[in-house]
Every structure is written in C-alpha cells, then in structure tokens.
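Notes follow once the structure below has been shown.
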Amino acid sequence: MSALSQIADVVAVACLLAGAFLCLTAGVGLVRFPDVLSRMHAGTKPQVLGTLLVMVGGAIRLHGLAAAWMLLLVAAFQLLTAPVSAHMISRVAYRRRHVRRDLLLVDELRDAEEGDGVNRGDEPADGPQPS
Amino acid sequence: MTVVAVIAHALLGSGALLALVRLARGPSLLDRVVATDTLLVIISASLAVHAALSRDPTVVPVLVVVSLLAFVGSVSIARYVGGMLLRSEREGRE
C-alpha cells in the first residue's frame with residue numbers, strides 16, 4: 001500500500017512539475033516572440049497541456065471524488081473554451097493588421113480579402129446591422 | 001515535498017512575472033489580452049499546485065471561477081475590439 005501510494009505521489013509530482021514548466025515556457029514565449037499570433041501560440045501552451053497535467057496531478061494527490069470531478073470540469077472547460085477565444089483573438093488580430101506579414105509562410109486570407117470589405121460572414125453580428 | 005513545492009512555485013512565479021512583463025510592455029491591446037489569458041491560466045495552475053501539494057481541496061471551486069473568468073474576459077475584449085474595427089472601417093469608407 002505504501003509503495004503504491006509512493007508511486008502515485010511520484011507520478012503526481014511529475015505531472016505538477018511538467019505543468020509548472022509549461023507555464024514558464026509560456027512566459028518566455030510571451031516575452032520573446034514577435035507578434036500576436038506567435039505570442040498566442042506560446043501563451044496557449046499551458047492552457048491545454050499544462051492545465052491537463054496539473055489537473056491530473058491534483059486529482060491523484062487529492063483523495064476524494066468531489067475534488068477530482070471538479071478538476072475534470074475545469075480541464076473540460078479549458079478544452080472547450082481555449083479554441084473559441086483563440087479563434088476570436090486571432091481573427092481580430094489579423095483584421096487589425098497586428099500580424100507580421102513578412103514572417104508568414106502561407107497567407108491564404110490576403111487574396112480573399114481583396115473583394116469584399118469587412119463583412120466576410122463569419123458570424124452575423126460582425127456584419128453591418130440592418131438599420 | 002518541500003523541494004518540489006519550491007521548484008514548482010518558482011517555475012510558476014517566473015512564468016507569471018514574464019506574462020506580467022508582456023502585459024506591461026505589449027504594444028497592442030490584443031497582446032495584453034493574450035498575456036492576461038496566460039496569466040489567469042498560470043494563476044489557476046498555481047492554485048491547483050498549491051491544493052495538490054498541501055492536499056487541501058478548499059481552493060478547487062476557485063479554479064472553476066478563474067477559468068470561466070479568463071474565457072469571458074478574452075472573448076468580450078475580442079468582440080469589443082472587433083466592434084471598433086467595424087466602426088472605423090465603415091467611417092473610412094463613407
């Protein structure tokens with residue numbers, strides 16, 4: 001029993017340390033990367049993998065089903081909401097020209113935005129309101 | 001376990017400090033949004049690390065609130081900036 005709990009502790013601590021290290025890499029990437037999209041690439045790293053690792057470590061360490069379910073809820077919520085917010089921020093960043101275009105390898109939106117102006121129909125609330 | 005706590009909190013704290021540097025220096029509003037998002041994630045991760053290392057599940061409901069807050073904040077600022085963009089391009093066109 002004690003050997004098993006020691007193994008569980010080692011696994012949990014390894015998960016927690018890996019999650020903390022991902023948080024550090026997110027900070028370094030946020031400071032060093034050149035524009036909004038690449039900073040978002042660095043900053044979203046602990047948002048998914050780091051959160052999952054920390055939640056797994058916490059669920060191992062905290063004995064009790066209630067805490068484990070709540071940590072699972074946090075992890076699932078992060079997985080659901082991180083793509084949504086990243087999509088919205090990156091779309092606004094592209095439209096406001098906060099993107100270093102000389103660093104892009106492929107820019108498929110450059111040709112597409114010649115014809116129609118702002119209203120490209122991603123969602124109706126972004127278009128001109130009927131008035 | 002104390003050594004692990006010191007190492008983990010040092011990693012999390014330096015990550016949060018670097019996110020704060022980007023939050024202060026960020027040239028545009030969207031950089032600050034990304035930095036705030038990352039900072040809230042780091043805060044929730046450090047709360048979870050603290051709860052796990054001290055085996056104390058008191059702060060676990062705070063994690064749900066912090067992750068909700070990060071999502072709502074970044075999405076609302078993104079929509080606000082998008083609205084500014086729409087208005088300014090329309091004014092430029094007419």
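The values are calculated or read from the model by the stated rules, or taken from the named source; none is laboratory data. Source: prediction; values computed, not measured. Glycine gets a Cβ as well: all are built from the backbone with ideal geometry, and neighbour counts include every protein chain shown.
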| task | Kindly check whether there is at least one residue in region A:25-43 that is outside any helix (DSSP H, G or I), of a type in the set (Phe, Trp, Tyr) and at pLDDT 85 or above. | result | yes
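Please work out if residue A:50 is assigned to a helix (DSSP H, G or I) and modelled with pLDDT under 90.
On the way: assigned to a helix (DSSP H, G or I): yes; modelled with pLDDT under 90: yes.
For residue A:50, the condition - assigned to a helix (DSSP H, G or I) and modelled with pLDDT under 90 - is met.
Quick grid of which residues meet (1) within 9 Å of chain B (Cβ to nearest Cβ); (2) in contact with a Ser or Thr (Cβ under 8 Å, 6 or more places away or on another chain); (3) more than 17 Å from residue B:13 (Cβ to Cβ):
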site	(1), (2), (3)
A:31	yes, no, no
A:35	yes, no, yes
A:49	no, no, yes
A:52	no, no, yes
A:55	yes, no, yes
A:62	yes, no, yes
A:66	yes, no, yes
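From the list B:17, B:39, pick out the single residue that is modelled with pLDDT of 90 or more, more than 8 Å from chain A (Cβ to nearest Cβ) and in a helix (DSSP H, G or I).
Working: B:17 fails: more than 8 Å from chain A (Cβ to nearest Cβ).
So the residue among B:17, B:39 that is modelled with pLDDT of 90 or more, more than 8 Å from chain A (Cβ to nearest Cβ) and in a helix (DSSP H, G or I) is B:39.
Pick from A:79, A:71, A:104: which is more than 10 Å from chain B (Cβ to nearest Cβ), at pLDDT 75 or above, under 17 Å from residue A:46 (Cα atoms) and surrounded by 13 or more Cβ atoms within 10 Å (Cβ to Cβ)? Working first, answer last.
Values: A:71 fails: more than 10 Å from chain B (Cβ to nearest Cβ); A:104 fails: under 17 Å from residue A:46 (Cα atoms).
Among A:79, A:71, A:104, only A:79 is more than 10 Å from chain B (Cβ to nearest Cβ), at pLDDT 75 or above, under 17 Å from residue A:46 (Cα atoms) and surrounded by 13 or more Cβ atoms within 10 Å (Cβ to Cβ).
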| request: Would you confirm whether any residue within region B:73-81 is at pLDDT 90 or above, surrounded by 19 or more Cβ atoms within 10 Å (Cβ to Cβ) and part of a helix (DSSP H, G or I)? | output: no
